[in-house]
Amino acid sequence: MVTAADVLWMAETIYLYLPAYLANAAPVLCGGGSPLDGGRTWRDGKPLLGSHKTVRGTLSGIAVGTAVGLIQLAPLRGLLLAVGAIGGDLIVSFFKRRLGMEPGAPSPVADQLGFIVVAVALVSVVPPPPTWERVVAILVVTVPIHFITNLFAWLLKLKKHPW
Ligand code: CTP
Ligand code: MG
């Protein structure tokens with residue numbers, strides 16, 4: 001049976017990683033302008049990241065995540081979660097481009113979990129490290145959170161694709 005204590009623990013888990021979620025969401029609202037990769041291509045001749053990954057989106061994500069951490073009185077956590085989330089998303093994009101996938105093409109699992117895996121890994125270097133239960137919980141709950149928030153962003157015409 002799910003108890004009130006379980007629900008509270010889950011809410012606390014989401015709260016602990018909130019800077020990563022909001023860092024990942026910020027570029028959807030604030031992105032645009034010059035591409036982060038400067039239009040450069042990799043050895044395969046394909047874009048390094050793609051023109052949709054922008055300087056403004058990247059900086060806004062790091063700023064928003066850090067600001068959330070500051071509000072939570074955990075600025076270093078906020079910064080690490082933000083850099084991890086934005087970095088994880090960029091790593092996924094880099095590999096998608098290597099596989100010849102167009103920007104926005106769905107890449108199940110990587111699209112949903114790439115940002116949070118790197119965010120959790122990076123923030124875990126600062127003691128105290130999270131328990132395994134916490135890590136598993138955040139990875140599992142990120143799948144529906146990502147799905148629902150992206151669906152809403154798409155319905156609100158903020159995103160081109162619902163994933
Ligand atoms: N964005 C940005 N800068 C970033 C990350 C994202 O400007 N560093 C913007 C993108 O332009 C995109 C939106 O935020 O319109 C959502 O990003 P995301 O869903 O990660 O992009 P995808 O379309 O899924 O691209 P990819 O195929 O590379 O995963
Ligand atoms: Mg994506």
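The values are calculated or read from the model by the stated rules, or taken from the named source; none is laboratory data. Worth saying up front: this structure is predicted, and the values here are computed from it rather than measured. Here Cβ is always computed from backbone atoms with ideal geometry, including for glycine, and neighbour counts include all displayed protein chains. Note: accessible area is taken over every heavy atom of the protein model, side chains too, but ligands, DNA and RNA are not part of it. Shrake-Rupley method; radii C 1.70, N 1.55, O 1.52, S 1.80 Å.
Around the amide H of residue 54, modelled in the peptide plane, lie the amide H atoms of 32, 36, all under 5 Å away and 5 or more residues distant in sequence or on another chain.
FRET efficiency for the pair residue 132 and residue 94, taken as 1/(1 + (r/R0)^6) with r the Cβ-Cβ distance and R0 = 35 Å, rounds to 0.80. Extension gain for residue 9-residue 121 works out to 38.3 nm (0.36 nm per residue, less the C-alpha to C-alpha distance).
Working note: Karplus 6.51/-1.76/1.60 with θ = phi - 60° gives segment 154-160 the couplings 6, 4, 7, 6, 8, 10, 6 Hz, where Gly and Pro are set to x.
Note on segment 4-155: along the principal axes its Cα atoms extend 52, 32, 28 Å, ordered by decreasing extent. Placing +1 on the Cβ of every Lys and Arg and -1 on the Cβ of every Asp and Glu, with no other charges, gives the chain a dipole of roughly 620 debye about its Cα centre. Our summary gives segment 4-155 a relative contact order of 22 percent, counting only alpha carbon pairs under 8 angstrom and 6 or more residues apart.
Specify the inter-centroid distance of segment 13-63 and segment 84-144, based on alpha-carbon positions, in whole Å. A separation of 13 Å, based on Cα centres. Our helix-only sum for the chain, with -39,500 (n - 2.57) per DSSP H run of n ≥ 4 divided by its residues, gives a mean residue ellipticity at 222 nm of -21500 deg cm²/dmol.
What longest range of the chain stays clear of loop-exposed trypsin sites (Lys or Arg not before Pro) (DSSP non-H/G/I/E/B, at most 11 other C-beta within 10 angstrom)? Before the final figure, lay out each step's value.
Working: sites that count: 40, 43, 157, 160.
After excluding every exposed loop site, the longest remaining stretch is 44-156.
Among 83, 123, the sequence by solvent-accessible area, most first, with a 1.4 Å probe is 83, 123.
Accessible-area rank, largest first, for 139, 156, 73: 73, 156, 139, with all protein chains present and a 1.4 angstrom probe.
Can you give me the % of accessible surface on the chain that is carbon or sulfur? Probe 1.4 Å, all protein chains present, nothing else counted. Each step should come with its number before you reach the end.
Working: 7020 of 9380 Å².
Ligands and nucleic acids excluded, carbon and sulfur reach 75 percent.
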